[in-house]
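What follows is a short report on a single structure.
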Amino acid sequence: MRITALAGGVGGARFLRGLLAAAPEAEVTVVGNVGDDMTMHGLRICPDLDTVMYTLGGGIHEGQGWGRDGETFGVAEELKAYGVGPDWFTLGDKDIATHLVRTQMLGAGYPLSAVTEALCTRWELPVRLLPSTDERVETHVVIDDADAPGGRRAVHFQEYWVRMHAPDARAIVSVGAENAKPAPGVLEAVAEADVILLPPSNPVVSIGTILQIPGLRQAVAGAAAPVVGLSPIVGGGPVRGMADKVLAAVGVEVSAAAVAQHYGAGLLDGWLVDADADADAVAEVEAAGIACRAVPLLMSSPEATRAMAQAALDLAAELAARAA
Ligand code: FO1
């Protein structure tokens, strides 16, 4: 079975671990978000790609969900001693090695997809990890700022998320998306998949940014495979992170049913909502033309995560059988 999943950072990576437990024989391609990427201290940092790579490669800091396990911060301490900021985003020593390799290869002319493949070789990744695009696409968030001309300004997603802890947002902009192309292999992985999954990643700044790459949404919507998503919203709030703030910015209510309708029946064939908190959303989602099932959706243990992935694959199989 060929599975293609679009994934953001921590939530996506943890879900993928459950997916590999549910379908150990599957050929899995992950299309990763690059909207969180940024350059700092001259280093190109790809937080979502690295979170997937470290999680599936066994090098993740489990408590944090991002960054390396057993990390040290010698470089960060030296930078601080020099008075070099920013003080709100810390790079660990082991993690810096990843960014050094990436930056060096990008500087030598390799595209991000080739760099990501090279980095993943070291981790013997059990999936093929593709950036959604080789071009630079960065998410910027428009926020209120009384001191700025017009009372608003745009900040890079990392500054919005990590430094400012997601204040109310007015708009989300994928800078560079309109001129980007899907990275090599992405459209093929979508077209040739037996199942396409949207993990419980942020629907706006993770999966939404991936779908903004020209041609990608159309490819997913037109794929022969069933497209099944898992709600990142449980009981009216995000399971992790601050998705509520960015949903509000794009005018979407913070509910499992509203996120399904935001993706829309043109894209999604199936949707999973949480059985305890959102069973009453099933009828609304089905009325919007999307098959919906209520199952436990909290990734509280490896077994719970495996069962979530299995439920997504079961719904996909049901939809494929119905379409045949
Ligand atoms: N998140 C933080 O809250 N503080 C940090 O200092 C920080 C550093 C960092 C370094 C590398 C990396 O790959 C991720 C890092 N993150 C940090 C997490 C990350 O930026 C965000 O949680 C995601 O981008 C949101 O998906």
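Could you work out which residue, out of P111, P47, P149, moves most in a Gaussian network model of the chain, that is, has the largest mean-square fluctuation with Cα springs under 10 Å?
Looking only at P111, P47, P149, the largest GNM fluctuation is found for P149.
Of V155, L119, V246, which is farthest along the charge dipole of the chain in the positive direction, counting Lys and Arg as +1 and Asp and Glu as -1 at C-beta?
With unit charges placed on the Cβ atoms, the residue in question is L119.
Quick one: if you take sqrt(5λ) for each eigenvalue of the C-alpha gyration tensor of the stretch 125-170, what semi-axes come out, biggest first, whole angstrom?
Each semi-axis is the square root of five times an eigenvalue, giving 30, 13, 7 Å.
Taking the alpha-carbon distance from K245 and a cut-off under 14 Å, which aspartates and glutamates remain once sequence neighbours fewer than 8 residues away in the same chain are dropped?
Qualifying aspartates and glutamates at Cα under 14 Å: D144, D168, E253.
Using a cut-off of 20 Å between alpha-carbon atoms, which aspartates and glutamates can reach K80, once sequence neighbours fewer than 8 places away in the same chain are excluded?
Filter leaves E71, D93, D95, E159.
Run the simple label-point estimate for A287 and K181 please: 7 Å along Cα→C-beta, distance reported in nm.
4.5
State the percentage of accessible surface on the chain attributable to carbon and sulfur atoms; use a 1.4 Å probe and exclude ligands, DNA and RNA.
53
For the chain, the longest stretch holding no chymotrypsin sites (Phe, Trp or Tyr not before Pro) located in a DSSP loop with at most 14 other Cβ atoms within 10 Å is which?
Excluding the exposed sites themselves, the longest stretch runs over 89-324.
Quick one: in the chain, what % of C-alpha pairs are over 39 Å apart?
Everything past 39 Å amounts to 9 percent.
Helix hunt in the chain: which complete DSSP H runs extend at least 30 Å axially by C-alpha with mean Kyte-Doolittle at least -1.0?
302-323
Calculate, in nm to one decimal, what L106 and V75 gain on full extension: separation in residues at 0.36 nm each, minus their alpha carbon distance.
9.0 nm
When the expected Rg is taken as 2.2 N^0.38 Å, what fraction or multiple of it is the alpha-carbon Rg of the stretch 216-301?
1.05
Search the structure for amide H atoms under 5 Å from the amide H of D134, placed 1.01 Å from N in the peptide plane, and list their residues when 5 or more places away or on another chain.
K181, A183
Taking the solvent-accessible surface of protein heavy atoms with a 1.4 Å probe, what is the per residue accessible area of the stretch 189-271 in Å²?
For the stretch 189-271, the per-residue accessible area is 30 Å².
Mean separation of Cα pairs under 8 Å and 6+ residues apart, divided by the residue count of the chain: what relative contact order is that in percent?
That works out to 19 percent.
GNM, the chain, Cα, under 10 Å: largest mean-square fluctuation among D145, D244, D276?
Largest GNM mean-square fluctuation: D145.
Find the accessible area per residue for the stretch 138-178; the probe is 1.4 Å, ligands and nucleic acids are left out, and the unit is Å².
Per residue, the stretch 138-178 has an accessible area of 51 Å².
Run the dipole for the stretch 186-324 about the Cα centre, Lys and Arg Cβ at +1, Asp and Glu Cβ at -1, nothing else charged, and hand back the magnitude in debye, nearest 20.
With Lys and Arg at +1 and Asp and Glu at -1, about 320 debye.
How big is the dipole moment of the stretch 138-178 about its Cα centre under a simple scheme where the beta carbon of each Lys and Arg is +1, that of each Asp and Glu is -1, and everything else is neutral? Debye, nearest 20, please.
In total the dipole reaches around 40 debye.
If you place +1 on the Cβ of every Lys and Arg, -1 on the Cβ of every Asp and Glu, and leave all else neutral, what size is the dipole of the chain about its Cα centre, to the nearest 20 Debye?
420
The values are calculated or read from the model by the stated rules, or taken from the named source; none is laboratory data. Given the structure is predicted, the values throughout are model-derived calculations rather than measurements. When we count neighbours, we look across all protein chains shown, and the Cβ atoms used for this are built from the backbone with ideal geometry, even at glycine. Heads up: the accessible areas ignore ligands, DNA and RNA and are worked out on the full protein's heavy atoms, side chains in. Shrake-Rupley method; radii C 1.70, N 1.55, O 1.52, S 1.80 Å.
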